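To start, the structure under review is shown below, and the notes come after it.
Please treat every number below as a calculation from the coordinates, not as lab data. The model shown is predicted, which means the values in this text are computed figures rather than measured ones. Here the Cβ is made from the backbone with ideal geometry for all residues, glycine too, and neighbour counts use every protein chain on show.
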Amino acid sequence: MYKILDKEHFSEHVVKLVVEAPMIARSRRPGHFVIVRVGEGGERIPLTIADSDLERGSITLVVQEVGVSTRKICALNVGDEFTDVVGPLGRATHVENVGTVVCCGGGVGVAPLLPIVKAMKQAGNRVVTILAARTADLIILRDQVAPFSDELIIMTDDGSLGRKGLVTAGLEEVVKREKVDQVVAIGPAVMMKFVSKLTEGYAIPTMVSLNTIMVDGTGMCGACRVTVGGKTKFVCIDGPEFDAHKVDFDEMIMRLRSYN
Amino acid sequence: MQQNNCQPLAPREDAWREELRKSMTAKERTAILRAVMSQLPPDYRVTNNEEVNCGLSAEQAVLEATRCLDCPDPQCVTGCPVNIDIPGFIKNIQRGDFAMAAAVLRQTSALPAVCGRVCPQEKQCESRCIYGKMKKQPVAIGYLERFAADEEMRVAAPVKPVPPDPDAVRIAVAGSGPAGLSFAGEMARRGYAVTVYEALHEIGGVLIYGIPEFRLPNSIVEAEIRKLEALGVKFIKDCIVGKTISYEDLRQMGFSGLFVASGAGLPRFMGIPGENLIGVMSSNEYLTRVNLMGAGREGYDTPVTRGRKAIIVGGGNTAMDSVRTARRMGAEKAVIVYRRSEAEMPARIEEVAHAKEEGVEFMTLHNPVEYLGDDKGHVRAVRLQRMELGEPDESGRRSPVPVPGDIVEVETDLVIVSVGVSPNPLIPHAIEGLEVGRRGTIEVDSETMESSVPDLFAGGDIVRGGATVILAMGDGRRAAAAMDSKLKSGNR
């Protein structure tokens, strides 16, 4: 169970894993995540599903090494197995034809963005995708999002690929240029915070997918709680997607450092 | 209340019981003092996770069983939520037939070794014991239940696996806590092919993730699970009914019925300022990290906040489990903050006593109103409102009211909020046509436990909101009986 079928290094610390999980592959929708565990002493780690393949009965996960558990995950090779994979969890992305949607992905946030880009395009939207990262090596899944994007903008902090600048610079240009009906942003919390600030000024509905600390992922522990519109919400069952303009990003960023 | 429709295994009229009754006068029996269960010394037990209560010896158990007057109209039975034949099992202990004592228990309770440890006996069976009327300590029914169940486990030969019957009707269960386990056992014994789906990576639900090892060793739960496996029950981990597989999937896979026992997963918070500071967490999170994930132990990756000055908010068993766990995890100061007085605490008396022995402080009639953080967002103090008791509320307990202006600030670096749980919303949200109550509980017929969806039954905390292990088990039994008769009558 949960065997690694394919592995690809996107960069030194970012790995794509194709994992055998037929039941999850069948029931998952864009926006859903899974909880994985490596080894009997392993942590339960939430990862958003990037893709699935019904014929192979597999799901695709993209993982960035940031700590003990993600290091264990990234060290898995083809033929190795996850001890546990459970899901799909969370609420699926609300997808409808709203007109023009700008999808912003930062770093490994592009992985969970991919199924949303696809779904938004298939729903008939004009889709502008902005991929952003520190440097060229960290831009991932470019070829996968391209076919579903009417326009693809690449932003790097150092200008090594695409245009030099932050994701917000690329987004602001689009917003000033044409009517944007919805923005989707997935990436580091700080990036989502600034995208949200920008679009709030333009009154563009914006959806973010939050990757908070979780234990069970099924609503049981409350570790993932965030303040949305002044109320406490659980990312695992009320999210992971929320109206960006209502999310208390500063509190979320603080809580992400709980165990640092 | 549930009636036992099975034949009593130990009828009161039996000659041996008559003989036991005549063998001693009531005066002689009532002169015997209630057994005292030996327990680990407090200063030792706060250094580890070993079970605190050591159980009764056979001699102690037989003597304690002798205290029971074998009343003609035993009130203890009416105090038990599942009406266990209490004198029937106790008198078997007295005559030394421990196996039969366990068999009597098993007629009504799927998990006697668990209930003997975690039931609030002082509020149930023992509260109705005739000794109470004599102003004496009740017969130690809980101790005796645990004794009989542990003896059974100690001497029992491994259960022979039942070969699977390919023609058996297939039944699915969502959740492997007390309700799910008891339902699965009942249905397996009736010849059904039962598959239990569990969302987590361990079987046992709250018995594993919630109740700590020092109160209920995992080995007890595991032994019960092995027994169910021998009966042919299949367990599938990491699978969430309503998410991984839908109700329709289960029907297509050939399951004829589903029992939902998904529990009361959702922790409640109080909605006061500072509750999302780092170091403030639900008891579910704290206990899951320590019990299920092994946080703090060698070889386990999951982190947990190790508070030196821990504040636990609440007065229930989960609060006691949390505060005692905090002591074991190294808290020098561990304080229960409860808004009513000790008399209104819902926790078992024994847990409160054990907590006190272990150095836990109690600040009753206090209620948190705000948590204060440092510049990094870590909780550093809590502001507590002094309370006093006013008029009784709908629960019958005197409701706490704030004493205006009387607020104290207490330093802390770990706050565990243990003020109750709500039903897990995953399944109620996922199944179309399922009637759900105002508080998110699944609506069922209180006799049959059948929901608004045909052949979908439910029980335990997903129906009750937050109750006890024994009530959850009773639901499982009742649902099994009702589902069985429905399936057999072909009324589908």
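The table below gives the values:
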item: Around B:Gly466: net Lys/Arg minus Asp/Glu count, Cβ-Cβ under 12 Å; result: +2
item: Entries in A:Lys118/A:Lys179; B:Lys91/B:Lys356; A:Lys179/B:Lys243 that, when Cα-Cα distance is taken, lie over 28 Å; result: B:Lys91/B:Lys356; A:Lys179/B:Lys243
item: Over the protein assembly as shown: Kirkwood hydrodynamic radius from C-alpha pairwise inverse distances, Å; result: 28.0
item: Degrees, to the nearest 10: A:167-177 long Cα axis against longest axis of chain A; result: 40
item: Shape category assigned to chain B from the gyration tensor of Cα positions, a/c cut at 1.5; result: oblate
item: Separation of the A:His13 and B:Ile32 label points, Cα + 7 Å toward Cβ, nm; result: 6.9
item: Within-9-Å neighbourhood charge of A:Thr212 [Cβ basis; K, R +1; D, E -1]; result: +2
item: Base-10 log of normalised Debye intensity for chain A (one unit scatterer per alpha-carbon) at q = 0.15, 0.17 Å⁻¹; result: -1.08, -1.41
item: Most to least packed among B:421-430, A:218-227, B:25-34 [average Cβ atoms within 10 Å]; result: A:218-227, B:421-430, B:25-34
item: Tensor-based shape of region B:268-420 (alpha-carbon gyration tensor, a/c under 1.5 rounded, otherwise prolate or oblate); result: oblate
item: Cα→Cβ-extended label distance, 7 Å offset, between B:Ser246 and A:Arg26, nm; result: 1.1
item: Lysines with Cα under 22 Å of B:Lys227, excluding same-chain neighbours fewer than 8 positions away; result: B:Lys160, B:Lys237
item: Förster radius 30 Å - calculated FRET efficiency between A:Glu200 and B:Leu372, Cβ distance, rounded to 0.05; result: 0.50
item: Nitroxide proxy distance, nm - points 7 Å out along Cα→Cβ at A:Arg56 and B:Glu432; result: 3.2
item: All lysines inside 19 Å of B:Lys136 as judged from Cα atoms, apart from same-chain residues fewer than 8 positions distant; result: B:Lys27, B:Lys123
item: Reachable lysines, given that their alpha-carbon falls under 27 Å from the alpha-carbon of B:Lys376 and they are not under 8 places away in the same chain; result: A:Lys193, A:Lys197, A:Lys231, A:Lys233, A:Lys246, B:Lys309, B:Lys333
item: Ranked by how many other beta carbons lie within 10 Å on average, peptides B:339-348, B:401-410, A:75-84, B:84-93 from highest; result: B:84-93, B:339-348, A:75-84, B:401-410
